[in-house]
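To start, the structure itself, in structure tokens.
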Amino acid sequence: MTRVDRTVLIIGAGFAGLCLGTRLKQAGVRSFRIFERAADIGGTWRDNNYPGSSCDVPSHLYSYSFRKYRGVDKRYSTQREILDYLRGCVADYDLGGHIELRKEVVSATFLESDGQWEVRTADGGRHHCDLLVSAVGQLTIPKYPELPGAREFAGTALHSARWDPAHDVRGERVAVIGTGSSAVQIVPALAGRAGHLCTFQRSPNWILPKPPDEFSRAWRTAFRLCPPLHGAYRGALSMRSEHVLFPALRRGWSTKLMTTMARKHLYRQVGDPGLRERLLPDYSFGCKRIVLSSDYFTTLTRPDVELVTESIEEITPGGIRTVDGRHHDVDTIVYATGFLSTDFLVPTTVTGSGGRDLHEQWKEYPTAYLGMAYPGFPNLLLMYGPNTSLGHNSIIPMLEAQAGYILQYLRELEGRSAGALDVRPEAMDEWEAELGDALSKMVWTESCTAWFKTESGRVTNNWPGRTSGYRRATRRLEPAAYRFIPAAEAAPGASPPRARGAASPSGRQK
């Protein structure tokens, strides 16, 4: 590729940041740094160390194409194993010298005088770069429900993403608030250790059975005797995700199949008709995130486990009171309530050309061209940004597509001797119209609450297509989509912020 002498600063050392760092290293880009606010790499897999934490995407899919998973024993990896995998990537690709830990970015400002970004960190440092990449993702800041009295609780309160490994729940009365992907792992892991466990459910989830974590002896033997089988297995998993699971999210041919599988799974594991009824969703399959578990339902049938479906009225010093007047005595509360996933780049202050505040631009909803660029913020790119998450497949192919696009971006900057690239408002509008049309066909637009939707119901996180579609969209940078700002040009002439109109039901701007 064209030699790149630009400086790149990446915020975040999780899957996205390490993916880009590796691709930059492989492409010969030497001047890049990765700032990580925590004391270790890993992102969400560093933070989500709760009991039972593991990935519900098969490891063969949940690994980089340049460092494919080759395990013969485990089908799914635990949190600790994924963290070790990422540490191995840092070692294998010699990224350690580029990573700076305990570097929390508090603000980023585009300097119009020289076309660079000035990044300020919590330790008082000021840093400059030609290209700024946010790789902080969507699952960063824990979300806590607004419950009266929560601060007065006298026991221990934990969030699934802020777990205290030293806390022992043996013999305690434990409440788990939430029934999503983390809760279905926490509840079985704590049941039997806790003296009594209550799980508080706002709405049930469609749950599919999760295959065994470990491969059978036949699979292990086959992998050992035929190493190329790893690639074939990875390909088969991807095909299933793209052509069986994805159609279910578009109310396609597999919707009825997936719904039937989930319903049968519930009926096989829960014999009590009353409990079944409370665990059966009243919305379409796929409207919320698809959940996988083979032991959550059976755990709820234990005599020391209780499912509570009455709404929480308040938290008291000694427990939880529900709207039916019942008080649940509790020693430990576990908030398995997810993240502030629709608040991108919060709490970092991001100021673009002309003094524009990114969060003010995103006041109605966050959006970005290709999920990566926004008008008026030259040389700022996002990884795992708005509308790039998935509901059916591994996120890794999306991250690798974005890393490849960023390399193209650098080539364009270097090849044209440009100071900066600023995506054109008309390109942003065209992208958003196409995105809105695609989203209108997805089951997510139905009336259900989900982590990838704003309070108004707009889907701001998920990609309404197959991973192959996103790879095609990012395979080639379209120069016409950008305004090339010469290195000597002062940025006051940069693209003005576009007007934000009311969204139509399809998500298009009026």
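Of the residues in segment 414-428, at least one is in contact with a strand residue (DSSP E or B) (Cβ under 7 Å, 6 or more places away or on another chain), of a type outside the set (A, V, I, L, M, F, W, C) and crowded, with 23+ Cβ neighbours inside 10 Å.
Going through segment 319-338 one residue at a time, which ones are out of contact with any His (no Cβ under 8 Å at 6 or more places or on another chain) and surrounded by fewer than 21 Cβ atoms within 10 Å (Cβ to Cβ)? If the condition is that a residue be out of contact with any His (no Cβ under 8 Å at 6 or more places or on another chain) and surrounded by fewer than 21 Cβ atoms within 10 Å (Cβ to Cβ), then 323, 324, 325, 326, 327, 328, 329, 331 are the ones that fit. Counting only helices (runs of 4 or more DSSP H) that fall entirely inside segment 170-263 and contain at least 3 residues that are loosely packed, with under 14 Cβ neighbours inside 10 Å and modelled with pLDDT of 95 or more, the qualifying elements are 217-225, 229-240. The set of residues in segment 151-161 being exposed (fewer than 14 other Cβ atoms within 10 Å of the Cβ) and either more than 29 Å from the chain's Cα centre (by Cα) or under 14 Å from residue 51 (Cβ atoms) (or both) consists of 152, 154. Scan segment 347-373 for residues that are outside any loop (DSSP other than H, G, I, E, B), among the acidic types (Asp, Glu) and more than 23 Å from residue 103 (Cα to Cα) and jot them down. Within segment 347-373, 360 is the sole residue that qualifies. Between 234, 224, 263, 220, the distinction of being outside the structural domain of residue 470 (by the TED database), in contact with a Leu (Cβ under 8 Å, 6 or more places away or on another chain), of a type in the set (D, E, K, R) and under 19 Å from residue 72 (Cβ atoms) belongs to 234 only. Looking at this structure, is residue 63 among the small types (Gly, Ala, Ser) and either under 21 Å from residue 241 (Cα atoms) or without any contact (Cβ under 8 Å) to a residue 40 or more places away in the chain (or both)? The answer is yes for residue 63. Within segment 264-318, being more than 30 Å from the chain's Cα centre (by Cα), loosely packed, with under 15 Cβ neighbours inside 10 Å and assigned to a helix (DSSP H, G or I) holds for 267, 268, 273, 274, 277. Within segment 122-150, the set of residues being more than 17 Å from residue 374 (Cβ to Cβ), within 24 Å of the chain's Cα centre (by Cα) and assigned to a strand (DSSP E or B) comprises just one member, 142.
Take residue 455 and decide whether it is without any contact (Cβ under 8 Å) to a residue 12 or more places away in the chain and either assigned to a loop (DSSP other than H, G, I, E, B) or surrounded by 17 or more Cβ atoms within 10 Å (Cβ to Cβ) (or both). Walk me through it before giving the result.
Working: without any contact (Cβ under 8 Å) to a residue 12 or more places away in the chain: yes; either assigned to a loop (DSSP other than H, G, I, E, B) or surrounded by 17 or more Cβ atoms within 10 Å (Cβ to Cβ) (or both): yes.
Here the answer is yes, as residue 455 does meet what is asked.
At pLDDT below 95 and closer than 28 Å to residue 139 by Cβ - does that describe any residue in segment 465-481?
The first filter runs over segment 465-481 and keeps only residues at pLDDT below 95, leaving none.
No, every residue in segment 465-481 fails to be at pLDDT below 95 and closer than 28 Å to residue 139 by Cβ.
Among the residues that make up segment 352-360, is at least one of them over 19 Å from residue 11 (Cα atoms) and buried (at least 16 other Cβ atoms within 10 Å of the Cβ)? Yes, segment 352-360 contains at least one residue that is over 19 Å from residue 11 (Cα atoms) and buried (at least 16 other Cβ atoms within 10 Å of the Cβ).
Report yes if residue 79 is modelled with pLDDT of 95 or more and touching a helix residue (DSSP H, G or I) at 6+ places or on another chain (Cβ under 9 Å), otherwise no.
Numbers: modelled with pLDDT of 95 or more: yes; touching a helix residue (DSSP H, G or I) at 6+ places or on another chain (Cβ under 9 Å): yes.
So residue 79 fits the description; yes.
Screening 150, 154, 122, 91 for residues that are in contact with a Pro (Cβ under 7 Å, 6 or more places away or on another chain), at pLDDT 95 or above, farther than 14 Å from residue 350 by Cβ and of a type in the set (Gly, Ala, Ser) leaves exactly one candidate, 154. Out of 92, 130, one residue alone is charged (D, E, K, R) and either free of Cβ contacts under 8 Å to residues at least 12 places away in the same chain or more than 30 Å from residue 74 (Cα to Cα) (or both). It is 130.
Report, by residue number, each residue of segment 326-346 that is touching a residue at least 60 places away in the same chain (Cβ under 8 Å) and not in a strand (DSSP E or B). Walk me through how you get there before you give the answer.
Kept after step one, since they are touching a residue at least 60 places away in the same chain (Cβ under 8 Å), are these residues of segment 326-346: 328-346.
If the condition is that a residue be touching a residue at least 60 places away in the same chain (Cβ under 8 Å) and not in a strand (DSSP E or B), then 330, 331, 336, 337, 338, 340, 341, 342, 343, 344, 345, 346 are the ones that fit.
Filter segment 393-413 down to residues that are within 19 Å of the chain's Cα centre (by Cα) and assigned to a helix (DSSP H, G or I) and give me whichever is surrounded by the most Cβ atoms within 10 Å (Cβ to Cβ). Here the residue is 402.
The values are calculated or read from the model by the stated rules, or taken from the named source; none is laboratory data. None of the values given here were measured: they were computed from a predicted structure. Here Cβ is always computed from backbone atoms with ideal geometry, including for glycine, and neighbour counts include all displayed protein chains.
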